[in-house]
Amino acid sequence: MVASYASRAHRVYEAVKGFDKGLSVPVGYCIRLKKIAFYGLPDGRVRIRRAAGLHSDDMRVMGIDCGTELTGYGVVETDSTARTPMLVCRGYGAVRLSKQKTMAERLLQVFEELTGQMRHHQPDVVAIEEVFYSVNAKSALKLGQVRGVALLAAATVGLPLAEYAPLTIKSSVVGYGLASKEQVQFMVARLLELDKPPEPADAADALAVAICHLHTAQTLAMQARLS
């Protein structure tokens, strides 16, 4: 069964390449044909997966907001089967790091919990906030270590990765690049039709990253249809 599916998927892939003279999928995005999804990988290759349980135009994204004490994560997917296409929250939370642990132990905890959540939710892509410049070099270094572990977790599970600047994320969700955390929480709750703003704020930020990626993917898909 697996060999048959893989063979069929590759035949579809080759047919698309022959028709389109080279199938190119941007890193962190996917093209879906029937029940087959083609994902753009960082090295230029295209990964083929079965798009089980999702509509052909839908995508599930795990957003990650890295922090030295709390690292938030949130899973959002599009639902095109509804009368009006909508965003659906599939879960969120945070990795809480103890100050009593060594830095190595904290990084291991981040890695284990994030890989566990990725395997549980099975997202199509992981979206993460880009590195921002900090006045405090020590804090920036620690944050960079956590972010590196998050990138490693996505690579370990074999998921494509997309990165967005903080201004881009806030502009996509709130409409204002310098929005406060409270404003982000409020708009995330509105967009996902949640009963209350997500807590902690780090989880809301992670959901915002996921929403940003979905908005970007929808815009690219619309541009492709019009071109």
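We did not get these values from a lab; they are worked out from the coordinates using the rules stated. The structure presented is a predicted model; accordingly, all values stated were derived computationally and were not measured. Every residue, glycine among them, receives a Cβ derived from its backbone with ideal geometry; neighbour counts consider all protein chains shown.
Per-structure values
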quantity: Qualifying chymotrypsin sites (Phe, Trp or Tyr not before Pro) for the range 86-168 [loop in DSSP, other Cβ within 10 Å: at most 10]; calculated: PHE132, TYR133
quantity: If the convex hull is drawn through the Cα atoms of the range 143-220, its volume per residue in Å³; calculated: 109
quantity: Sequence-distant aspartates and glutamates (8 or more away, or on other chains) whose Cα lies within less than 15 Å of LYS181; calculated: ASP65, GLU129, GLU199, ASP202, ASP205
quantity: Residue exposure sequence - ASP58, ASP79 - by fewest surrounding Cβ within 10 Å; calculated: ASP79, ASP58
quantity: Trypsin sites (Lys or Arg not before Pro) restricted to the range 96-137 and DSSP loop, no more than 16 other C-beta within 10 Å; calculated: LYS99, LYS101
quantity: Ranking of SER171, SER80 by count of other Cβ atoms within 10 Å, fewest first; calculated: SER80, SER171
quantity: Kirkwood-based Rg to Rh ratio, the range 60-221, C-alpha trace; calculated: 0.96
